[in-house]
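Reviewing the structure listed below.
Values quoted throughout were computed directly from the atomic coordinates according to the rules given, and no laboratory measurement underlies them. None of these values were measured; they are calculated from a predicted model. With ideal geometry, Cβ positions are generated from the backbone for all residues, glycine too; neighbour counts draw on all protein chains shown.
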Amino acid sequence: MSNQEVVTVNVGGTKFTTFPSTLMRFPESRLAHMLDGSDREFRIVNGQVFVDRDGTLFSYILDFLRTSQLSLPPDFSDYERLQREAEFYQLQNLADLLGHESFYRPRLEILEVRFLVQETHSYFRIFCSCSSTIEMLADRVIMYVEQPIGGQSWTFPFSAQKPLAPAPLQRPSHHDLIFQCGTDYATGDQFGARYISIKPDQRKLLNGTNVLGLLLDILLKEGFSLISTRSVASEEKVECYTFQRKKRAEVFTVNETPKPENNVHIQGKQGKSNKKR
């Protein structure tokens, strides 16, 4: 059979059609010998290669052969069974990855937004169990403050439009982010109103409720799920919104030509970082 012909593989009753070169992608694997008749586990039946294994899991194996990557759906749970299939087909790098607990048991990411309104001024405090999420939000949330014109002090809140300048957000720890918006001239603050902008939205919002709505919408788009809302009993009424998110699915990549040192990379969907295993 030439490499230009296609071959049909029947795995436990589920049929797949591919090129022989795809099956021979990794020369050290058992799949590379599927077509030469040297392995008794693979039999030619009615012109098809038959193997008595799980057909559903083989779809992930075949996708891995085609792309050198393993990408699983968020609700996938059969990691141990898929690892056994990888071991059967002698895809050792894939089997080793699936054996890492950190890969198949991602921890939940918890995020909490606390929101307090005091008349025309609003305060936000965001806590997240994952510091990289706080870093992401710190890059996207920008606080602008009104600046005095010609060194004049404020005499009333809503005078002519004043220049705005970015102001730093508070970072009590790697897991916390604090910012505020609105007007609070009663405190004698040297600054005027504070506005919040959250990328990619270009608006500069003064009203805290509007900022809260935009923030919650962004978190939902980032894959977080709202799991509870409550009021915190204290001197002030603080609204608390709790979210959770599963760790983003990772993509497993193996070099086209495996080297003796077995270079294996794991990278997130965004492809921003790699780490060797």
> Taking a spot 7 Å from the Cα of ARG81 along the direction of its beta carbon, which residues of the range 36-55 have an amide N less than 11 Å from it?
Replying inline: 54-55
>> What does the charge count around ASP201 come to, taking other residues whose C-beta lies under 13 Å from its C-beta (Lys +1, Arg +1, Asp -1, Glu -1)?
In response: +4
> At a Förster distance of 41 Å, what's the computed FRET efficiency of GLN48 paired with SER71, Cβ-Cβ distance as r, to 0.05?
Replying inline: 0.95
> If you keep only loop residues by DSSP, which GluC sites (Glu not before Pro) in the range 1-70 have at most 11 other Cβ atoms within 10 Å of their Cβ?
Replying inline: GLU5, GLU28
> What's the center-to-center distance, using Cα atoms, between the range 116-147 and the range 70-94 in Å?
Replying inline: 40 Å
